Amino acid sequence: MPDRFLSDRLPYWLIGPFLLLFAATMYHRATDFDDAWFAEQAYFFLRDGVVRSEFFRGVNHWEERIYVFHKLYIYLLAGWTRLFGFSAPAVESLGTVGAALNVAGLYAMTRRGVMPGINANRPALFGWTVLLYVSCGLVLRYGFVARPETMNAAFGLWGYYFLSTAQTGNDRPTGRLVMAAIFAGLAALTHLNGLMYGLAGLTWLAWQRRWRTGVVYGFVWAVVCAFYFTDVLLDNQWARLAEQFRYDPATRHLFGWMAKLSTLASFHQMLFHNQVEAAITILSVFVGWFSWQYDRQSRPLVVYLLAATVWMWLLTRGSSKYYMLLLLPYTCLLAGRAVAVSAVRWPRWGQRLSAAAVVLWLGSGLVEGSLLIGENQAPIVHERTAALARRMGKEGSTVIAPLDFFFDQIGHYRIHSLSYYFLLNQHEYGGKLLVPQFFDLAAREQAAYVITDPKLNMAYDIPNSAPERIGRYRRIFQDDWNSVYRLEQ
């Protein structure tokens with residue numbers, strides 16, 4: 001009875017509390033850097049018909065048009081905000097849709113894809129797989145943020161579902177294989193890191209020596225990926241595309257062999273960034289190793305996870321922890337399968353280590369959820385931006401402000417971001433742009449107001465201890481969160 005409770009019922013008892021914890025972290029969630037940055041791109045796409053940015057006017061001609069961006073994600077966000085508006089919760093909730101699509105993909109995989117033809121305890125398999133996903137600290141943190149990773153991972157997971165359920169008895173392409181290639185292509189259109197799924201699929205097919213199938217898969221995948229260049233082709237702006245990619249602040253550091261080797265060497269920082277990523281990595285290693293040894297039918301999944309990890313390592317531009325979301329569903333599937341099928345065949349010490357890894361995983365999720373709730377003590381973003389705007393006036397003027405001033409104010413002001421000046425400081429001033437110099441630049445731009453950012457979320461730092469008068473600007477308001485400086489005539 002205890003064994004049956006642990007395998008069949010315990011995960012379902014725990015899923016509910018973790019979903020409640022996730023809901024608690026959503027309550028007036030502190031905005032992320034990318035919430036407003038991606039929302040602005042969607043805003044101008046809806047308003048002007050092109051993706052561009054006033055936040056970063058002066059960077060790579062982004063104020064005219066951006067050609068290097070998370071294309072499918074921004075188009076989806078534009079459609080989402082057209083339906084639900086540009087409030088912070090509406091923008092952030094698209095990440096929750098991506099997380100829900102991952103859960104749907106995990107359900108499909110546990111019903112058919114992950115272990116075809118085996119008499120498994122499918123309720124236990126689904127329960128543990130979903131529990132591990134919803135309890136992961138990365139899902140708690142980024143399942144309600146305007147970033148493309150959850151949607152990217154969902155497209156990749158559905159691609160693997162169709163790939164793993166396509167006919168494997170011969171080397172003949174099928175409709176499911178075509179669907180697998182299409183979803184892998186959609187993942188790449190959502191975020192270029194999604195290229196890892198198509199490359200992992202090709203590696204997986206090569207491991208199975210399905211060469212003819214691999215050619216068809218690769219062709220369909222490449223055709224879907226080519227839609228990334230549609231806007232460039234229509235505008236005939238290939239040189240601008242190359243320029244924006246070469247000098248994008250997110251990728252400019254990758255050019256040159258030494259720079260790329262340095263990035264590859266830092267990959268471990270993502271795998272062990274904090275207790276959450278360490279728990280994912282440790283469980284992946286233990287479950288992957290023992291599954292390969294004691295569960296032959298899990299080997300295709302292990303190969304795909306390993307291939308996806310290697311391709312992500314080769315493609316990645318950095319060691320950002322949220323990239324682990326792209327691998328997360330496969331770790332959950334392997335661990336869920338281990339509980340439902342193969343762990344009884346493992347050596348006792350392996351079972352104990354894996355049980356400890358699961359406890360670490362669940363504990364890290366609780367810690368991350370608690371940290372999120374603590375971070376959400378800031379004033380609600382709409383109330384804060386409205387209060388700042390009431391003190392300013394002069395609608396239609398240029399303001400230099402934190403990115404989250406976007407919410408409720410994008411239609412009232414032309415917002416140039418403090419993040420632009422952060423980049424300017426890094427790349428043009430060697431990190432030595434003094435506060436008086438910054439205000440001189442603001443005056444040349446005729447910025448009517450400057451609003452400081454207390455979070456320093458990749459923003460130029462104007463400390464609260466700065467003088468009341470700086471150049472042509474005078475501070476008209478200050479609290480624990482922001483200061484407002486007004487241009488004096």
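Quick notes on this one:
- Residue in the range 257-265 that is free of Cβ contacts under 8 Å to residues at least 60 places away in the same chain, surrounded by fewer than 22 Cβ atoms within 10 Å (Cβ to Cβ), polar (S, T, N, Q) and farther than 29 Å from Val303 by Cα present: no
- Gln244 at pLDDT 90 or above and not small (Gly, Ala, Ser): yes
- Scanning the range 312-326 for residues that are open to solvent by 10 Å² or more (accessible area, probe 1.4 Å) and either within 14 Å of Gly105 (Cβ to Cβ) or small (Gly, Ala, Ser) (or both) returns Gly318, Ser319, Ser320.
- Counting only residues that are of a type in the set (Ser, Thr, Tyr) and either farther than 20 Å from Pro379 by Cβ or open to solvent by 40 Å² or more (accessible area, probe 1.4 Å) (or both), the range 25-43 holds 2 of them.
- Hey, Thr309 over 22 Å from Gly350 (Cβ atoms), open to solvent by less than 40 Å² (accessible area, probe 1.4 Å) and out of contact with any Pro (no Cβ under 9 Å at 6 or more places or on another chain) or not: no
- Flag if Ala466 is touching an Asp or Glu at 6+ places or on another chain (Cβ under 6 Å) and buried (at least 17 other Cβ atoms within 10 Å of the Cβ): no
- Residue match in the range 57-72 (condition: assigned to a helix (DSSP H, G or I) and at pLDDT 95 or above): yes
- Conditions (1) closer than 30 Å to Ala187 by Cα; (2) surrounded by 18 or more Cβ atoms within 10 Å (Cβ to Cβ): number failed by Ser342: (1)
- Against the numbered list (1) surrounded by fewer than 20 Cβ atoms within 10 Å (Cβ to Cβ); (2) under 30 Å from Phe272 (Cα atoms); (3) within 19 Å of the chain's Cα centre (by Cα), Tyr107 comes up short only at (3).
- Any chance Ala338 is small (Gly, Ala, Ser) and in a helix (DSSP H, G or I): yes
- Residues located in the range 285-300, provided they are open to solvent by less than 30 Å² (accessible area, probe 1.4 Å) and either in a helix (DSSP H, G or I) or under 22 Å from Leu325 (Cβ atoms) (or both): Val287, Gly288, Phe290, Ser291, Ser298
- Meets criteria (in contact with a helix residue (DSSP H, G or I) (Cβ under 9 Å, 6 or more places away or on another chain), within 25 Å of Leu353 (Cβ to Cβ) and either surrounded by fewer than 20 Cβ atoms within 10 Å (Cβ to Cβ) or free of Cβ contacts under 8 Å to residues at least 40 places away in the same chain (or both)) for Val303: yes
- Pairing each residue of the range 328-350 that is more than 14 Å from Leu125 (Cα to Cα) with any residue that is surrounded by fewer than 24 Cβ atoms within 10 Å (Cβ to Cβ), provided the two are 6+ apart or on different chains, yields C-beta distances under 6 Å for Arg345/Tyr294; Trp346/Phe290; Trp346/Tyr294; Gly350/Phe290.
- The set of residues in the range 22-38 that are more than 16 Å from Asp453 (Cβ to Cβ) and either without any contact (Cβ under 8 Å) to a residue 12 or more places away in the chain or more than 14 Å from the chain's Cα centre (by Cα) (or both) comprises Phe22, Ala23, Ala24, Thr25, Met26, Tyr27, His28, Arg29.
- Set Phe422, Phe405: member being in contact with a Leu (Cβ under 8 Å, 6 or more places away or on another chain), over 30 Å from Gly105 (Cα atoms) and either surrounded by 15 or more Cβ atoms within 10 Å (Cβ to Cβ) or of a type in the set (Ser, Thr, Tyr) (or both): Phe405
- Residues within the range 206-226 that are open to solvent by less than 10 Å² (accessible area, probe 1.4 Å) and modelled with pLDDT of 95 or more, tallied: 1
- Residue, farthest from Tyr217 (Cα to Cα), within the range 172-187, restricted to residues that are outside any helix (DSSP H, G or I) and either modelled with pLDDT of 95 or more or open to solvent by 50 Å² or more (accessible area, probe 1.4 Å) (or both): Arg172
- Annotation note: Cβ proximity below 8 Å between a residue of the range 272-296 that is within 16 Å of Leu362 (Cβ to Cβ) and a residue that is crowded, with 19+ Cβ neighbours inside 10 Å and of a type in the set (Phe, Trp, Tyr) (sequence gap 6+ or interchain) occurs for Ala279/Trp361; Ile280/Trp361; Leu283/Trp361.
- Flag: Val232 does not match the condition of being assigned to a helix (DSSP H, G or I), surrounded by 19 or more Cβ atoms within 10 Å (Cβ to Cβ) and β-branched (Val, Ile, Thr).
- Of all the residues in the range 352-402, those that are more than 20 Å from Ala30 (Cα to Cα), crowded, with 17+ Cβ neighbours inside 10 Å and in contact with a strand residue (DSSP E or B) (Cβ under 7 Å, 6 or more places away or on another chain) number 4.
- Residue count for the range 142-171, restricted to those that are over 30 Å from Asp404 (Cα atoms) and either assigned to a loop (DSSP other than H, G, I, E, B) or out of contact with any helix residue (DSSP H, G or I) (no Cβ under 8 Å at 6 or more places or on another chain) (or both): 6.
The values are calculated or read from the model by the stated rules, or taken from the named source; none is laboratory data. Given the structure is predicted, the values throughout are model-derived calculations rather than measurements. Counting neighbours? That spans all protein chains shown, and the Cβs are built from the backbone with ideal geometry, glycine included. With ligands, DNA and RNA removed, areas are computed over all heavy atoms of the protein, side chains included. Shrake-Rupley method; radii C 1.70, N 1.55, O 1.52, S 1.80 Å.
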